[in-house]
1. Among the residues of region A:154-172, which ones have their accessible area go down by 20 Å² or more when all the protein chains sit together, as opposed to their chain alone (1.4 Å probe)?
2. On the principal axes of its Cα set, how long, how wide and how thick is the protein assembly as shown? Give whole Å, largest value first.
3. Give the accessible area for A:Leu64 in Å² (nearest 10); use a 1.4 Å probe, count only protein heavy atoms, and leave out ligands, DNA and RNA.
4. Which value, in square angstrom to the nearest 100, describes the accessible area buried between chains A and B on both sides, using a 1.4 angstrom probe?
5. Accessible area of the protein assembly as shown with a 1.4 Å probe: how many percent of it is carbon plus sulfur?
6. Please work out how much accessible surface B:Thr182 shows to a 1.4 Å probe, ignoring ligands, DNA and RNA, in Å² rounded to 10.
7. Helix A:85-102 versus the longest principal axis of chain A: what is the Cα-based angle in degrees, 0 to 90, to the nearest 10?
8. Heavy-atom accessible area per residue, chain A, 1.4 Å probe: how many Å²?
2 protein chains.
Amino acid sequence: MSVKQKKRGRPAGSSKALSKLIILQQAKNLLAEQGKIPTLRALAAELNVDPMALYHYFANKAALLEAVTVSLLEAIYQPNPEGQWQAEVRQLCHSYLELLSRYPGLLETMLKMSTDGPAQVFIARLEQALTPLALAKVEFEPLRDLLADYLHGVALAMQCNPGGIPVGCVDAPLDLIFRGLTSR
Amino acid sequence: MSVKQKKRGRPAGSSKALSKLIILQQAKNLLAEQGKIPTLRALAAELNVDPMALYHYFANKAALLEAVTVSLLEAIYQPNPEGQWQAEVRQLCHSYLELLSRYPGLLETMLKMSTDGPAQVFIARLEQALTPLALAKVEFEPLRDLLADYLHGVALAMQCNPGGIPVGCVDAPLDLIFRGLTSR
DNA sequence: GAATTAAATCTACACTGTAGAATTTTAATT
DNA sequence: AATTAAAATTCTACAGTGTAGATTTAATTC
């Protein structure tokens, strides 16, 4: 009887073993704990469930990771539109980077997603932070692209070099960007 | 005799089937053709050789990819230190991006490498292009970090969204950076 | 000529995502 | 109440991945 064989089929009573929420929560835990995307088998083991059970809730692994990404990205810093814009942007960037580095794989998942919803979250928050500047579209867009891609590059470096790069590394480059912005 | 069984053991005469160079060349071809890192089996098949033969020349797949990376990065644009620095930097960035997007996987391989030789190539060329500005160290370093990580972010976006992003997308953000640089 | 090294193949393993079928329970329909 | 359908789960199995280890053959060295 070495390995306990679990009973097959739908569980009795109202004791559903799983739910999207539970799966996502555990996936986030493992992602943060192990610093890398868990395998479906590892995730299922943690949930005490057969790996294939996950497919009842998500079409495939990519869909699961996208759901994790959407859910996590809501948590980035919400800037105060009436604050000091430079400090607000800085805090937003730090928050974004902390998230992307605490949950490796988020970045690639986000960039590969068909819906750009998650990517828009950062951009929307950036607009909030920059409200005081009242930038025109042609001024805002290059800044947005520069900032987003720069942070993605830093996040990628962080996740290729775990623990070796602090989020503060963006401060001097951010100053450089700000300088180009204030000297219009 | 459906499948032809190749003769085992060291080949006769001076007809060595493989060499580091041949492997690297074919790896680059497949990388560019298929737009993704080939499997060792695919690479070996293209070379008409057993997959394990590759391990005679490289310790593992990562080592092979690192060799590809080192070899390819030499090819980026060599700026003229006496040219117009803005145009030189722009051309360097375009060249760097074209390389990173033509050979997906290069970026991650480079960032994960222990030796930072390959990453230094871009930085050295950037210094060349910026010679006319005679920047102090404290001015150069933020610029270097900003530019490198920004380009890596763009390259990542390109490789997550194949064919959808032209290298020219960096032009406006580059102008923004240049502005912060000329207004010292 | 014997021993060593070089260059290759073969076999086999653990790990991955996941397709497809079987099983058990609950809900819906007749 | 009986039947049918749907939901929630497990089991089995497969193809694809990198690669460890043993084996084979030929060239080189002593």
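1. Relative to the lone chain, where solvent access is computed with a 1.4 Å probe, region A:154-172 loses at least 20 Å² at A:Leu156, A:Ala157, A:Cys160, A:Ala172.
2. Ordered largest first, the protein assembly as shown gives principal extents of 74, 72, 32 Å.
3. 10
4. So the total buried area for this chain pair works out to about 2200 Å².
5. On the way: 10290 of 19860 Å².
Accessible surface attributable to carbon and sulfur in the protein assembly as shown totals 52 percent.
6. B:Thr182 has an accessible surface of roughly 90 Å² with all protein chains in place.
7. Result, in degrees: 30.
8. In whole numbers, chain A has 54 Å² accessible per residue.
The values are calculated or read from the model by the stated rules, or taken from the named source; none is laboratory data. The model shown is predicted, which means the values in this text are computed figures rather than measured ones. Cβ sites come from the backbone with ideal geometry, for glycine too, and all protein chains shown count toward neighbours. Calculation scope for accessible area: heavy atoms of the full protein, side chains included, ligands and nucleic acids excluded. Shrake-Rupley method; radii C 1.70, N 1.55, O 1.52, S 1.80 Å.
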